[in-house]
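Student: Take this structure, written in structure tokens, and hold onto it; I'll ask about it next.
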Amino acid sequence: MYYVSTRNARDRRTAAEAIAQGLAADGGLMTPEVFPKLSHNALDTMRDMSYQQRAVYVMGSYLDDFTSSELSSFAAKAYGGSKFDVKEVAPVRQVDGNTYCLELWHGPTCAFKDMALQMLPHLLSASLVKNQEEKTVCILVATSGDTGKAALEGFRDVEKTRILVFYPKDGVSAIQELQMATQEGENVGVCSVVGNFDDAQTGVKRLFSDESLREQLAGRGFFLSSANSINWGRVLPQIVYYISAYCDLMRAERIRKGDKVNVCVPTGNFGNILAACYAREMGVPIGRLICASNSNNVLTDFLRTGVYDRNRTFYNTMSPSMDILISSNLERLLFALTGHDDEQVREYMGQLNQTGRYEVSPAIQDRLTRLFSAGFCDDAQTQKVIGRMWQEHHYLIDPHTAVAFDVLEQYRKETGDDTPAIVASTASPFKFCDSVLGALGVTELAEGTAILDQLSELTGVPVPAPLAALKDKPVRFRETVTRDHMVDQVLEMLR
């Protein structure tokens, strides 16, 4: 199977080349030329498999330059042992009669990004060998909160790699910032950026397109790649958990093979819900793809109107991982919906870069409407949902997951569609203790990491071990730069 750039379909790469490269040289995103279809018996076959086995089964159809033995080894390392605190890795919990929560935060950094970023380092390291690459790869990451820590942990001390994470100053939760600032490892770096996530993300994209920087780094024995969801090696492992969730519901006899389920995903950069869309494309009986946004509702407006317009007020919310106005992975969806029309995608992205907006054709808008529903939820309503979920179901959720539950409820009230629904739960509530405690009626908050114990004592829910361990870790990284000086951080790290 070959991968092509969304902005140049003639730029064809093997899977190993696409993963190692991260972002196409023209700024496009590497995407499969075709999507493999699940066989008639595939869901039955995977029904009684472990999560690790399902990962090999699904990913193997996309990675024909990797052997089954290699993928089995990677899956065992990524999802086995004590990496995740539950055997199921990504368990599905029933909340009520027809609502299920796909818990994606049982990994080492307590966020859904672990599902991909425990796998990506193995895929990338193997890709470098397959490509006979002698240079050391420097992973550049822009994070709105969770990707940074998950990437740092995944690539910590991985041979022939360096990793540098940029996050928006004052744009992540206190626990998220502490997770990154205390990161261990000899090959890691962390730096905050003045501004919001879009500033950090735009800055990283600019570094990738800086030919002078590439030449300087090549002379020092380095090349750049990405661990953001612009890298296909990030999106692919995410497809697995939607297929796995469907198989788990079959195994639990909550649904029969062929029954449709809706999927509701809190999303900012569009990668998580795109993975669900790709699972649907492969043949999983997913009905509506319900996109849940916070007050930064640029995706809600786009999916409803076909107009993408980032020229709007940016809000810092209690669901910071969704505080995004430039949703990079939307480019992959546009590529698919235009029938791989790279010229049209280049035009849309050019308009976005120059004017901050674009409008898709009526034909594409019709396809969007048939696939997606969308809604948004502000902070006040988010807190109400967290409180209600605890009171009615004794189920503790984080603000991002609360946004998804609220948008799902909006959708059901508007449409009357009572199809069984899977809600993607993207982070442990302990990563957002202040917001969760406030939702539960607490007005006086403990300081520092003591807030973890405060939430645990109130609810009886234990603090996840990786977060409890933060109490004794020294802060290693305190640097802050403007977007224009991000290049200096790269050059300093790779001296």
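Student: So the check is Cβ under 7 Å with 6+ separation or different chains; which pairs have a first residue in region 70-83 that's of a type in the set (S, T, N, Q) and a second one that's part of a helix (DSSP H, G or I) and buried (at least 17 other Cβ atoms within 10 Å of the Cβ)?
Tutor: Here the result reads Ser72/Val56, each pair linking region 70-83 to a residue that is part of a helix (DSSP H, G or I) and buried (at least 17 other Cβ atoms within 10 Å of the Cβ).
Student: State which residue is surrounded by the fewest Cβ atoms within 10 Å (Cβ to Cβ) when the search covers only region 52-95 and only residues that are under 20 Å from Met282 (Cβ atoms) and of a type in the set (Gly, Ala, Ser).
Tutor: Ser68
Student: Right, another one. How about region 312-333: which of its residues are assigned to a helix (DSSP H, G or I) and more than 13 Å from Ser5 (Cα to Cα)? Step through it out loud before you land on a result.
Tutor: Keep residues of region 312-333 that are assigned to a helix (DSSP H, G or I), which gives 320-322, 330-333.
Scanning region 312-333 gives Pro320, Ser321, Met322, Leu330.
Student: Looking at region 1-35 only, could you name the residues that are within 20 Å of Lys130 (Cβ to Cβ), assigned to a loop (DSSP other than H, G, I, E, B) and of a type outside the set (Phe, Trp, Tyr)?
Tutor: Met1, Thr14, Gly22, Ala24, Ala25, Glu33
Student: Would you mind stating whether His122 is in contact with a Ser or Thr (Cβ under 9 Å, 6 or more places away or on another chain), in a helix (DSSP H, G or I) and closer than 24 Å to Ala276 by Cβ? Show your work before the answer.
Tutor: On the way: in contact with a Ser or Thr (Cβ under 9 Å, 6 or more places away or on another chain): yes; in a helix (DSSP H, G or I): yes; closer than 24 Å to Ala276 by Cβ: yes.
Judged against the criteria, His122 is a match.
Student: A further question follows. Is at least one residue of region 473-482 in contact (Cβ under 8 Å) with a residue 12 or more places away in the chain, of a type outside the set (Asp, Glu) and assigned to a helix (DSSP H, G or I)? First the steps, then the outcome.
Tutor: To start, the set of residues in region 473-482 that are in contact (Cβ under 8 Å) with a residue 12 or more places away in the chain comprises 473-482.
Cutting the leftovers down to of a type outside the set (Asp, Glu) gives us 473-478, 480-482.
Add one more test, that the residue is assigned to a helix (DSSP H, G or I), and what stays is none.
Checked region 473-482: no residue is in contact (Cβ under 8 Å) with a residue 12 or more places away in the chain, of a type outside the set (Asp, Glu) and assigned to a helix (DSSP H, G or I).
Student: Across region 55-71, what is the number of residues that are in a helix (DSSP H, G or I), within 24 Å of the chain's Cα centre (by Cα) and over 13 Å from Leu123 (Cβ atoms)?
Tutor: Total satisfying the criteria: 2.
Student: Only one of these is modelled with pLDDT under 95 and polar (S, T, N, Q): Asn329, Asn294, Asn316, Asn311. Name it.
Tutor: Working: Asn329 fails: modelled with pLDDT under 95; Asn294 fails: modelled with pLDDT under 95; Asn311 fails: modelled with pLDDT under 95.
Being modelled with pLDDT under 95 and polar (S, T, N, Q) holds for just one of Asn329, Asn294, Asn316, Asn311, which is Asn316.
Student: Among the helices (runs of 4 or more DSSP H) confined wholly to region 334-400, which include 2 or more residues that are among the acidic types (Asp, Glu) and more than 27 Å from Val261 (Cβ to Cβ)? It would help to see each step written out before you state the result.
Tutor: Details: elements: 342-355, 362-371, 379-393.
Once the helices (runs of 4 or more DSSP H) in region 334-400 are filtered for at least 2 residues that are among the acidic types (Asp, Glu) and more than 27 Å from Val261 (Cβ to Cβ), what remains is 342-355.
Student: Restricting attention to region 43-54, does a residue exist that is in contact (Cβ under 8 Å) with a residue 40 or more places away in the chain, among the aliphatic types (A, V, I, L, M) and not in a loop (DSSP other than H, G, I, E, B)? Outline the logic, then answer.
Tutor: Taking region 43-54 as the starting set, the residues that turn out to be in contact (Cβ under 8 Å) with a residue 40 or more places away in the chain are 43-44, 46-49, 51, 54.
From what's left, among the aliphatic types (A, V, I, L, M): 43, 46, 49.
If we keep only those that are not in a loop (DSSP other than H, G, I, E, B) too, we end up with 43, 46.
Looking through region 43-54, at least one residue is in contact (Cβ under 8 Å) with a residue 40 or more places away in the chain, among the aliphatic types (A, V, I, L, M) and not in a loop (DSSP other than H, G, I, E, B).
Student: Looking at region 441-465 only, could you name the residues that are part of a loop (DSSP other than H, G, I, E, B) and surrounded by 19 or more Cβ atoms within 10 Å (Cβ to Cβ)?
Tutor: Taking region 441-465 as the starting set, the residues that turn out to be part of a loop (DSSP other than H, G, I, E, B) are 441-449, 460-464.
Scanning region 441-465 gives Thr449, Val463, Pro464.
Student: If you don't mind, another one. Tally up the residues in region 298-321 that are crowded, with 22+ Cβ neighbours inside 10 Å, closer than 24 Å to Ala380 by Cα and in contact with a strand residue (DSSP E or B) (Cβ under 6 Å, 6 or more places away or on another chain), please.
Tutor: Number satisfying all stated conditions: 3.
Student: When you go through Ile364, Ile324 one by one, which is the residue that is more than 30 Å from Ser428 (Cα to Cα), of a type in the set (A, V, I, L, M, F, W, C) and in contact with a Gly (Cβ under 8 Å, 6 or more places away or on another chain)? Can you show your working first?
Tutor: Values: Ile324 fails: more than 30 Å from Ser428 (Cα to Cα).
None of the others qualify; the one that does is Ile364.
Student: For region 137-157, how many residues are part of a helix (DSSP H, G or I), more than 10 Å from Pro121 (Cβ to Cβ) and hydrophobic (A, V, I, L, M, F, W, C)?
Tutor: Pass one, region 137-157, residues part of a helix (DSSP H, G or I): 146-155.
Those still in the list that are more than 10 Å from Pro121 (Cβ to Cβ) too: 146-150, 152.
Adding the requirement that they be hydrophobic (A, V, I, L, M, F, W, C) leaves 150, 152.
Qualifying residue count for the region: 2.
Student: Being touching a residue at least 24 places away in the same chain (Cβ under 8 Å) and crowded, with 19+ Cβ neighbours inside 10 Å is true for just one of Gly387, Gly438, Gly375. Which residue is that?
Tutor: Numbers: Gly387 fails: crowded, with 19+ Cβ neighbours inside 10 Å; Gly438 fails: crowded, with 19+ Cβ neighbours inside 10 Å.
Going through Gly387, Gly438, Gly375 in turn, just one is touching a residue at least 24 places away in the same chain (Cβ under 8 Å) and crowded, with 19+ Cβ neighbours inside 10 Å: Gly375.
Residue-wise test of (1) within 27 Å of Gly195 (Cβ to Cβ); (2) out of contact with any Pro (no Cβ under 9 Å at 6 or more places or on another chain); (3) among the aromatic types (Phe, Trp, Tyr).
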site: Glu414; (1), (2), (3): no, yes, no
site: Ala421; (1), (2), (3): no, yes, no
site: Val436; (1), (2), (3): yes, no, no
site: Ala450; (1), (2), (3): no, yes, no
site: Asp453; (1), (2), (3): no, yes, no
site: Met486; (1), (2), (3): yes, yes, no
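Student: Take the residues in region 410-435 that are free of Cβ contacts under 8 Å to residues at least 12 places away in the same chain and in contact with a strand residue (DSSP E or B) (Cβ under 9 Å, 6 or more places away or on another chain), then tell me which one is surrounded by the most Cβ atoms within 10 Å (Cβ to Cβ). Spell out how you get there, then give the answer.
Tutor: Of all residues in region 410-435, those free of Cβ contacts under 8 Å to residues at least 12 places away in the same chain come to 412-414, 416.
When the remaining residues are screened for being in contact with a strand residue (DSSP E or B) (Cβ under 9 Å, 6 or more places away or on another chain), the result is 412, 414.
Details: Arg412: 18, Glu414: 10.
For region 410-435, the residue satisfying everything is Arg412.
Student: For region 256-267, name all the residues that are buried (at least 19 other Cβ atoms within 10 Å of the Cβ) and more than 17 Å from Asp114 (Cα to Cα). Talk me through it step by step, then tell me what you get.
Tutor: First, the residues of region 256-267 that are buried (at least 19 other Cβ atoms within 10 Å of the Cβ): 261-267.
Val261, Asn262, Val263, Cys264 - these are the residues of region 256-267 that are buried (at least 19 other Cβ atoms within 10 Å of the Cβ) and more than 17 Å from Asp114 (Cα to Cα).
The values are calculated or read from the model by the stated rules, or taken from the named source; none is laboratory data. The structure displayed is predicted, hence computed values, not measured ones. FYI the Cβ positions are ideal-geometry reconstructions off the backbone, even for glycines, and counts take in every protein chain you see.
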